[in-house]
Structure formats: structure tokens, C-alpha cells
């Protein structure tokens with residue numbers, strides 16, 4: 001017995017004395033960089049440690065014999081080593097390989113600005129950014145114009161990107177093309193976009209080199225992704241001297257489905273009586289807009305979304321006639337537009353996903369232009385160049401489309417994507433009783449692969465094949481981009497792509513004997529991103545061919561180029577509570593198109609464009625203050641006059657530089673059970689003289705500056721929302 | 001016979017030792033958690049709990065504390081990449097949830113992690129992460145409405161929310177009162193189960209007066 005006790009004591013004490021063995025070593029990543037914060041453990045035991053800031057670790061263990069040491073860290077594949085623990089071990093070296101995952105992998109970004117929460121780090125603009133940009137009045141395109149690549153064009157709606165005309169930028173909602181993203185054109189006055197920023201969770205502004213999923217946009221694509229199920233039910237109302245609106249959004253209890261309706265009425269009569277306008281509105285602009293939506297989550301984690309909007313509006317503007325100042329030009333417009341979009345995103349299992357989009361829109365315009373005398377009565381004066389400006393134009397534009405995209409997950413996070421689209425467009429115009437119809441069956445198939453070769457190197461390879469029945473031509477457009485991660489949050493990308501676009505309808509009404517206009521894009525960029533800061537620099541070169549010429553004949557013989565450098569810096573970090581971004585674009589572009597006698601810088605292209613957007617929310621005042629300053633150098637203008645068999649530049653010049661300082665403030669408060677936001681804003685605070693170009697009289701002797709309809713636009717309004725969801729109250733009632 | 005007895009008793013002793021090895025580790029970990037002085041200490045504590053959890057395989061509490069300690073490193077180190085910290089916390093929470101489903105305490109932890117991610121850029125993120133935090137507390141309430149930490153955490157969030165968004169001291173005060181009341185009667189299921197937050201709730205309630 002005694003022996004046994006002694007033996008036990010010996011075993012136990014021996015065990016204790018020799019129990020702990022020291023194990024030490026270091027951890028690196030596969031590039032040989034020191035890794036701090038990795039955890040090291042003897043597998044199956046409690047013993048282990050954490051690597052320090054120099055990558056070293058040391059710990060003691062009771063374990064003996066053959067053991068596995070395992071080292072792990074977030075975002076890396078764990079590494080294991082088998083060791084024999086009989087004495088202290090030093091100098092173990094572990095190398096951890098990065099796991100390829102969507103958050104860390106490079107993203108192919110050349111040419112595109114991602115906005116929204118899809119890629120956390122790449123967030124550039126959110127819907128909140130849109131509504132809190134000073135002077136933008138919650139118009140998506142106006143805010144996009146503060147990003148590099150877009151021009152400050154104020155006389156026409158549309159995004160004029162990198163030397164491209166407004167119609168060379170297309171908008172897509174949930175993958176399908178939007179035919180009339182803006183309210184109908186009015187001469188020399190840019191119109192707003194039709195869609196509220198709150199409809200979208202993400203906006204991708206692609207200034208070139210974009211995916212093979214999109215086509216028929218020579219310069220740029222604005223890709224809008226609608227919101228899924230809203231966070232909560234809500235009733236809303238808005239009040240302003242300019243408009244009234246009300247809406248309801250209902251989310252079911254399980255947050256699996258929702259529906260909503262909205263109606264708004266805009267009328268500028270009160271506003272115009274308070275703020276004099278430079279043009280005479282004989283029909284005050286008035287807009288009715290109604291929309292409805294429903295969204296349903298499917299069992300497999302997909303979602304079905306439907307959105308429809310209907311609007312009707314009218315306006316009439318009277319301006320002095322440029323050829324004869326004793327006369328007036330009266331322009332009247334009535335528009336109705338109905339848009340609907342159904343999209344279905346579904347997981348098909350085994351790595352397959354499907355995106356199906358259906359959309360239909362119809363747009364009707366009734367436009368008149370009338371020469372009137374000082375008493376506002378129609379007159380015929382004799383000279384054909386004046387009388388021929390009398391016209392009545394009725395247009396109808398329908399677009400029906402279906403688009404299907406299938407995704408197949410390959411190894412890792414690489415994805416193969418393919419699909420097709422079919423668009424049927426029907427355009428009819430009646431110009432002074434002369435009717436013309438343009439139907440087009442447009443088909444496209446496309447395929448694209450996102451290949452993640454390593455966490456640091458990704459490629460996007462795509463190709464698109466299109467056919468338009470109207471011009472009866474096909475095209476094949478390859479697209480390629482590569483991205484390489486150069487460091488933490490930093491990457492370089494390059495992109496190349498060929499883009500085609502069929503001519504605009506106003507040329508096709510004359511002849512359909514056209515081919516596609518073609519642009520070849522080359523882009524290189526560098527981005528450095530942290531969650532609160534983004535720096536980006538991008539250079540591009542574009543070559544155009546096949547641009548529409550209208551003289552001496554309607555052909556595709558136009559050519560051109562564009563090149564430039566752009567900078568972007570957004571910072572929410574340096575000054576607490578201050579969010580600002582700066583963008584700068586340098587553009588050198590020339591094109592020979594329409595009736596240009598040779599390659600000229602088009603009248604929508606400024607050499608230097610820059611914007612500074614500053615936002616500050618002061619929590620103690622519940623108020624946000626937002627400023628936007630935009631600057632652009634003057635743009636060229638020309639008076640092209642036909643001289644025998646050619647067009648001459650009878651006059652040319654450059655407009656004055658463009659300056660604009662917009663301001664808005666939003667004050668948050670509770671009004672009874674409602675949360676309210678009071679918004680006040682003004683555009684062009686400094687009352688800068690803005691000239692967008694010149695109009696010439698027929699004889700070329702008179703020229704008139706194209707300016708905004710008023711130097712400033714003021715807005716004040718209150719937006720109220722009531723959360724129908726009483727969750728917060730329910731918790732409070734439990735107290 | 002005696003030898004047999006010794007062997008048997010040694011066998012039992014061994015089992016008791018194994019049992020108390022886990023308990024000893026938990027006690028040691030919780031002690032460490034109390035004594036933490038720096039973000040590095042907190043990180044080491046988190047790693048310790050994770051090792052215990054990985055070795056035990058069937059116990060959710062060490063994963064819970066690993067996630068809790070890991071989450072706290074995000075606050076203690078002002079330079080921490082909160083998104084990266086949250087990624088790790090969520091990873092550990094998911095492991096705890098596999099072992100213990102529908103637990104109010106784990107849902108509370110989910111709320112804390114979502115709030116931490118929201119603070120990176122509150123203006124831009126409250127819609128996503130604010131909703132995630134609210135959903136977590138709703139689930140926590142459904143699982144156990146008498147968990148004081150639900151009201152403490154909700155109060156803490158609302159205290160830092162502007163009044164115009166439904167926050168403010170007045171709203172938070174009610175929640176802290178509720179939390180303090182529940183803490184009085186709350187007894188953790190074991191000495192290792194979560195019981196933290198009482199002093200903080202009292203402190204914040206005082207700050208709301």
C-alpha cells in the first residue's frame with residue numbers, strides 16, 4: 001500500500017513538474033507578410049495562443065506525444081502541422097492561404113461605379129446620398145453628374161458621358177432597358193428623371209467597359225436595382241407648394257411579401273407666381289404620377305417583384321422667335337407614360353440562379369409648336385424658315401421586352417452567366433398628318449464568365465451577339481476586364497470592350513439603311529478603398545466609328561474619339577460627421593457626325609469638369625446641411641450653315657465657364673406619431689450666369705444664349721411617414 | 001481488493017477531473033474576461049474560449065463567450081476593422097447556434113454585432129444593420145421575454161439614436177428601468193451562463209435621469 005502511494009505521488013508530481021511544454025513559432029500569410037491575431041491551438045485541447053503584432057506566438061501545453069497544431073484566422077484556410085511533443089518546440093512556421101470569398105476578392109471595377117450595399121467596400125452612392133445631395137432635388141441623374149465622367153449639361157436631359165451624347169447612355173431597371181427614363185424633352189430645358197431614388201437599393205454608374213449583359217449603349221449604362229421587401233410597413237405623405245403626395249407600403253408579418261401604392265400631383269402655378277421665370281408658361285407644368293408595387297419572397301430564397309407607374313403631364317412655353325422678335329414661339333406638350341416591370345430572381349439549386357425580367361412601357365406625346373404674334377394668336381408670316389416651324393407631332397413609343405439570365409457557380413466563387421433578351425419596339429409618329437411607323441424585333445444573346453484565378457486576380461470575359469430586324473444587321477461585341485489586387489483594399493483594373501448602338505429613331509424615320517454605331521473602349525483604373533474612404537483614378541480611350549451622318553447623305557460614316565483622365569475621392573473619415581466627395585474629369589474628344597464638316601469637339605463636351613459635394617449632419621440640431629459645387633470649363637458652340645454642297649462653320653465660340661452651388665438642408669422631427677423631414681433647397685446660390693450654348697437665327701445674324709428657365713430653383717417641402725409596424729410600441733407596452 | 005478499489009477510485013477521480021477540466025477552463029476564462037485590460041487580452045480570452053469550444057465540440061457556452069469577447073475587441077481597439085471583427089463574431093455565433101437553437105442570449109449577441117457594424121457608417125448602414133439588430137432583439141424576446149439583456153441592449157441603442165428617429169433618453173430610460181427590474185430576479189441557469197450587464201444597466205439608467 002505504501003509503495004503504491006509513493007508510486008502515485010511520484011507519477012503525479014512527475015506529471016505536474018514535466019507537464020508543461022513550451023511551443024513557439026510564427027505565422028505568415030502566403031505572401032510572407034506577418035500575420036497578427038491568428039489563433040494557434042493544440043487540436044482537441046484547450047492549449048494554445050494568439051500570434052502577436054510581430055506574428056510570433058508562444059504557449060505552454062500539458063499535451064504529450066504526437067499532436068496536431070492548428071492555426072486559424074478569419075478569411076484564411078486553417079493550416080495544420082503534426083508535431084511530436086516531448087520537449088519544448090521552437091521555430092514552428094505556419095503560412096496561411098487566403099480563402100477566396102466574395103467580400104475580399106477583387107472586383108472588376110474598371111469603368112463602373114457601384115453604389116449600394118451589394119459590395120460593402122465599393123459603396124459609392126446610396127439612395128440616401130441621392131436625396132441629401134445639395135441642389136440635386138432628389139434627381140438620380142443630377143447626382144450622378146457629380147461623379148467623374150459625366151458632363152454638366154443643363155439644356156437637355158440625359159447623362160453625357162465621356163464625349164458621348166445623352167442618348168448614348170441607357171438606363172436599366174432590374175436588368176431590363178427603360179425606354180423613357182426622363183420626362184419628355186422640352187427644347188433647351190433639361191427634364192427630370194421619372195423614378196424616385198427610394199425605389200432602388202443600388203445604382204451602378206458604368207462609364208464604360210461594362211458587362212456583356214447590357215447592350216445598345218455606346219457610352220454608358222446606369223444600372224438600377226430595385227429594393228426587395230421593405231423593412232417595415234409605412235404610410236407617407238408629402239406636402240410642398242409644388243406638390244402633394246401620399247403613399248402606403250405594407251409588409252406582411254413574416255416579412256415575406258409586401259405591396260405599396262403612391263400618388264403624387266405636381267403643379268408649378270403657385271411657385272411661378274412667387275418666383276418669376278424667364279420664359280412665359282402658357283400651360284403651367286402639371287404632373288400626375290401614380291405607382292404600385294408588390295414583392296414576394298419565394299420558398300427557395302428568390303424574389304418576385306412587380307412595379308408599375310403611370311404619369312400624365314403637360315406644359316406650354318412661349319418664347320420670342322429668334323428670326324423675328326415681333327413673333328413668339330409657343331411650344332406645347334402633353335405626355336402620358338405607363339411603365340411596368342416584373343422581375344423574378346430565383347435559386348435553382350446546385351449552384352444555378354436565374355434572373356428573369358419582363359417589362360412593358362408605352363409613351364405618348366402630343367407636341368405642338370406655333371408661331372404667334374404679340375397677342376398670342378397664330379400667324380403665318382411668309383418666310384418658309386419661320387412658317388415651317390409650325391408643327392404638330394404625335395408620337396407613340398412602345399417597348400416590350402423579356403430578358404433571362406442564368407448563373408452557374410463554378411469552382412470557388414467563379415461564375416458563368418449566359419442568357420438572352422428579346423425586345424419588340426413599336427414607334428409611330430404623325431408629323432403634320434404624315435404618319436410613319438418603325439417596328440423593330442431586337443434579339444440578343446450573351447455569355448459572360450467571372451473568373452477568380454486567385455483572391456488577387458480576377459477576369460471577366462464576355463461576348464454579346466445582337467440582331468435588329470429594323471436595320472437587319474447583326475453584331476458581335478466582345479468584352480474583357482481584368483482586376484488585380486495590389487494591396488489591402490487597393491486594386492488595378494483594365495477593361496476593353498466593343499459597344500454597338502443602332503441609330504436613333506429620328507434618323508431611322510428617314511431611312512433604315514443604317515448599320516450600328518460602334519465604340520471601342522480601353523480603360524485602366526486604380527482604386528483604393530476602406531469602409532469610409534475611396535480613392536479612384538481612371539484613364540480611358542474610346543474610338544468611334546459608324547456614327548450617324550446626316551449630310552451629304554444619311555450614312556454611318558461618322559468617326560470620332562474621346563480620351564481623358566478622371567479622379568474621385570470620397571472621405572467620411574477625416575472629419576467626424578462630415579462626408580464629402582470630389583471628382584474631376586479631363587476630357588478630350590472630337591467627332592465628325594450629323595452635319596459636322598469635319599471632326600469637332602461636340603457642343604456637349606467640356607474639357608474640365610469638377611464637383612465638390614459636402615454633407616454634414618448635426619445630430620444635436622437634427623439637421624443636415626448639404627452643399628454641391630460644380631464647375632465646368634466652357635463648351636464649344638457652332639453655327640453650321642449649308643453652303644452649296646457642304647456645311648461651313650459660319651460662327652463658333654466657347655461658352656463662359658459653368659459654376660453652380662446648390663444647397664439643401666433637411667431637418668428631422670417627430671410630429672405626433674409621424675416622423676417628418678423638412679427639406680429646403682436652392683440651386684445656383686450665387687446666381688452665377690449659366691450659358692449652355694447658343695441658338696442662331698436662320699440668317700445667322702442673331703444668336704441667343706441658352707440659359708435655364710430661371711436662375712435659381714427653390715424648394716421647400718415636408719415629408720411625413722408613419723410606421724404602421726408597431727413593433728417598437730409593442731416593446732414599450734411590455735414595460 | 002484494495003488495489004481494485006484504488007483503480008476504481010482513480011477511474012472516478014479521472015472522470016471528475018475531466019469534468020472539472022471543462023469547468024476549470026470556463027472558470028478560468030470568465031476570470032480572465034473580468035481581468036481584461038487591453039484589446040489584446042480580450043483577443044486572447046476570445047481565442048481561449050474558442051479553443052475550449054473546439055475541443056469540447058458539444059458546448060455552446062464557450063462559443064458564446066468566444067463571440068462575446070471577440071465582439072468586445074472591436075470596441076476596445078479603436079483601430080479595429082469592425083467589419084472583420086463582426087465576420088469572426090458571426091462565425092462563432094453560428095457555431096453556438098448549431099449547438100443551442102433559439103436561445104435568447106445568442107440573439108442578443110447578434111444584435112450587438114449588428115450594431116457594431118452599423119456604427120462604421122450609421123447614416124448609410126442603419127437601414128440594413130439597424131433592421132438586422134431589431135430582428136435579433138425580436139427573436140430574443142420571443143425566446144425569453146424575461147432576459148434583462150434584451151432591454152438593456154435596446155435601451156443602449158435607443159439612447160444613442162437621435163430623437164427624430166425614435167430614440168433619446170426618455171425612451172431609453174423606460175427600457176433600462178425594465179432591465180434593472182429584471183436583473184433583480186434574474187438568475188443564470190449556471191454560474192457559466194450569461195449574467196452580465198446589471199451594473200451597466202444601472203449606470204445608464206442613472207445617466208438617463
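The values are calculated or read from the model by the stated rules, or taken from the named source; none is laboratory data. These numbers come from a predicted model, not from an experiment. We place every Cβ from the backbone using ideal geometry, glycine too, and count neighbours over all the protein chains shown.
Restricting segment A:557-581 to residues that are surrounded by 21 or more Cβ atoms within 10 Å (Cβ to Cβ) and farther than 18 Å from residue A:219 by Cα, which is farthest from the other protein chains (Cβ to nearest Cβ)? Break it down stepwise before answering.
Of the residues in segment A:557-581, the ones surrounded by 21 or more Cβ atoms within 10 Å (Cβ to Cβ) are A:560, A:562, A:564, A:566, A:568, A:570, A:572, A:579, A:581.
Subset that is farther than 18 Å from residue A:219 by Cα: A:568, A:570, A:572, A:579, A:581.
On the way: A:568: 17, A:570: 11, A:572: 6, A:579: 7, A:581: 13 Å.
Residue satisfying both the conditions and the ranking: A:568.
Just to verify a result, which residue in segment A:33-60, among those that are away from chain B (no Cβ under 11 Å) and in contact (Cβ under 8 Å) with a residue 12 or more places away in the chain, is nearest to residue B:82 (Cα to Cα)? Walk me through how you get there before you give the answer.
Start the filter on segment A:33-60 by keeping residues that are away from chain B (no Cβ under 11 Å), which leaves A:33-35, A:54-56, A:58, A:60.
Then drop every residue that is not in contact (Cβ under 8 Å) with a residue 12 or more places away in the chain, which leaves A:34-35, A:54-56, A:58, A:60.
Details: A:34: 20, A:35: 18, A:54: 21, A:55: 21, A:56: 23, A:58: 27, A:60: 31 Å.
Of everything passing the filter in segment A:33-60, A:35 is nearest to residue B:82 (Cα to Cα).
Right, residue A:660: within 29 Å of the chain's Cα centre (by Cα) and assigned by TED's automatic domain parsing to the domain that holds residue A:627 or not? Working first, answer last.
On the way: within 29 Å of the chain's Cα centre (by Cα): yes; assigned by TED's automatic domain parsing to the domain that holds residue A:627: yes.
Here the answer is yes, as residue A:660 does meet what is asked.
Take residue A:657 and tell me if it is more than 28 Å from residue A:246 (Cβ to Cβ), more than 14 Å from chain B (Cβ to nearest Cβ) and out of contact with any helix residue (DSSP H, G or I) (no Cβ under 9 Å at 6 or more places or on another chain).
yes
Taking strands (runs of 3 or more DSSP E) that fall entirely within segment A:590-652, which contain at least 3 residues that are outside the structural domain of residue A:145 (by TED's automatic domain parsing), surrounded by 18 or more Cβ atoms within 10 Å (Cβ to Cβ) and over 23 Å from the mean Cα position of the chain (by Cα)? Break it down stepwise before answering.
Working: elements: A:608-618, A:623-632, A:636-643.
Passing ranges: none, list empty.
Considering B:96, B:80, B:47, B:124, which residue is within 14 Å of chain A (Cβ to nearest Cβ) and within 27 Å of residue A:45 (Cα to Cα)? It would help to see each step written out before you state the result.
Numbers: B:96 fails: within 14 Å of chain A (Cβ to nearest Cβ); B:80 fails: within 27 Å of residue A:45 (Cα to Cα); B:124 fails: within 27 Å of residue A:45 (Cα to Cα).
Checking each option against the conditions leaves just B:47.
What number of residues within segment B:62-77 are away from every other protein chain (no Cβ under 12 Å) and surrounded by fewer than 24 Cβ atoms within 10 Å (Cβ to Cβ)?
3
Please go through segment B:135-172 and pick out each residue that is part of a helix (DSSP H, G or I) and either touching a residue at least 60 places away in the same chain (Cβ under 8 Å) or at the interface with chain A (Cβ under 10 Å from one of its Cβ atoms) (or both). Steps first, please.
Taking segment B:135-172 and keeping what is part of a helix (DSSP H, G or I), we get B:135-143, B:148-159, B:163-165, B:169-172.
Listed by number, the residues that qualify are B:135, B:137, B:138, B:141, B:150, B:151, B:154, B:158, B:163, B:164, B:165, B:171.
Considering segment A:523-555 alone, what residues qualify as being surrounded by fewer than 19 Cβ atoms within 10 Å (Cβ to Cβ), over 24 Å from residue A:582 (Cα atoms) and in contact with a strand residue (DSSP E or B) (Cβ under 9 Å, 6 or more places away or on another chain)?
Within segment A:523-555, A:543, A:545, A:550, A:551, A:552, A:554, A:555 qualify.
What do you reckon, is residue A:70 modelled with pLDDT of 90 or more and either facing another protein chain (nearest Cβ under 10 Å) or farther than 30 Å from residue A:487 by Cα (or both)? Before you say what the answer is, go through the steps one by one.
Details: modelled with pLDDT of 90 or more: yes; either facing another protein chain (nearest Cβ under 10 Å) or farther than 30 Å from residue A:487 by Cα (or both): yes.
The answer is yes for residue A:70.
Quick check, is residue B:113 at the interface with another protein chain (Cβ under 9 Å from one of its Cβ atoms), without any contact (Cβ under 8 Å) to a residue 60 or more places away in the chain and touching a helix residue (DSSP H, G or I) at 6+ places or on another chain (Cβ under 6 Å)?
Values: at the interface with another protein chain (Cβ under 9 Å from one of its Cβ atoms): no; without any contact (Cβ under 8 Å) to a residue 60 or more places away in the chain: yes; touching a helix residue (DSSP H, G or I) at 6+ places or on another chain (Cβ under 6 Å): yes.
Judged against the criteria, residue B:113 is not a match.
Can you pull out the residues in segment A:654-678 that are more than 17 Å from residue A:232 (Cβ to Cβ), in a loop (DSSP other than H, G, I, E, B) and touching a residue at least 12 places away in the same chain (Cβ under 8 Å)?
A:655, A:656, A:657
Please tell me if residue A:332 is assigned to a strand (DSSP E or B) and touching a residue at least 40 places away in the same chain (Cβ under 8 Å).
Working: assigned to a strand (DSSP E or B): yes; touching a residue at least 40 places away in the same chain (Cβ under 8 Å): yes.
Against the criterion (assigned to a strand (DSSP E or B) and touching a residue at least 40 places away in the same chain (Cβ under 8 Å)), residue A:332 qualifies.
What about residue B:183, is it more than 29 Å from residue A:676 (Cα to Cα), part of a helix (DSSP H, G or I) and in contact with a helix residue (DSSP H, G or I) (Cβ under 7 Å, 6 or more places away or on another chain)?
Numbers: more than 29 Å from residue A:676 (Cα to Cα): yes; part of a helix (DSSP H, G or I): yes; in contact with a helix residue (DSSP H, G or I) (Cβ under 7 Å, 6 or more places away or on another chain): yes.
It is true that residue B:183 is more than 29 Å from residue A:676 (Cα to Cα), part of a helix (DSSP H, G or I) and in contact with a helix residue (DSSP H, G or I) (Cβ under 7 Å, 6 or more places away or on another chain).
Being within 15 Å of residue A:477 (Cβ to Cβ) and within 25 Å of the chain's Cα centre (by Cα) is true for just one of A:561, A:541, A:500. Which residue is that? Talk me through it step by step, then tell me what you get.
Details: A:561 fails: within 15 Å of residue A:477 (Cβ to Cβ); A:541 fails: within 15 Å of residue A:477 (Cβ to Cβ).
Just a single option satisfies the conditions, and that option is A:500.
On the basis of being in a helix (DSSP H, G or I), touching a helix residue (DSSP H, G or I) at 6+ places or on another chain (Cβ under 7 Å), surrounded by 24 or more Cβ atoms within 10 Å (Cβ to Cβ) and within 11 Å of another protein chain (Cβ to nearest Cβ), does residue B:132 make the cut? Step through it out loud before you land on a result.
Values: in a helix (DSSP H, G or I): yes; touching a helix residue (DSSP H, G or I) at 6+ places or on another chain (Cβ under 7 Å): yes; surrounded by 24 or more Cβ atoms within 10 Å (Cβ to Cβ): no; within 11 Å of another protein chain (Cβ to nearest Cβ): yes.
Spelling it out, it is not the case that residue B:132 is in a helix (DSSP H, G or I), touching a helix residue (DSSP H, G or I) at 6+ places or on another chain (Cβ under 7 Å), surrounded by 24 or more Cβ atoms within 10 Å (Cβ to Cβ) and within 11 Å of another protein chain (Cβ to nearest Cβ).
A quick yes/no check of all residues on (1) outside the structural domain of residue A:181 (by TED's automatic domain parsing); (2) closer than 22 Å to residue A:202 by Cα; (3) modelled with pLDDT of 95 or more; (4) more than 25 Å from the chain's Cα centre (by Cα):
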residue	(1), (2), (3), (4)
A:226	no, yes, no, no
A:232	no, yes, no, yes
A:238	no, no, no, yes
A:244	no, no, yes, yes
A:275	no, no, no, yes
A:280	no, no, no, yes
A:288	no, no, yes, yes
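Taking residue A:316 as the residue in question, decide whether it is touching a residue at least 60 places away in the same chain (Cβ under 8 Å), in a strand (DSSP E or B) and either outside the structural domain of residue A:287 (by TED's automatic domain parsing) or out of contact with any helix residue (DSSP H, G or I) (no Cβ under 8 Å at 6 or more places or on another chain) (or both). Outline the logic, then answer.
On the way: touching a residue at least 60 places away in the same chain (Cβ under 8 Å): no; in a strand (DSSP E or B): yes; either outside the structural domain of residue A:287 (by TED's automatic domain parsing) or out of contact with any helix residue (DSSP H, G or I) (no Cβ under 8 Å at 6 or more places or on another chain) (or both): yes.
No: the conditions fail for residue A:316.
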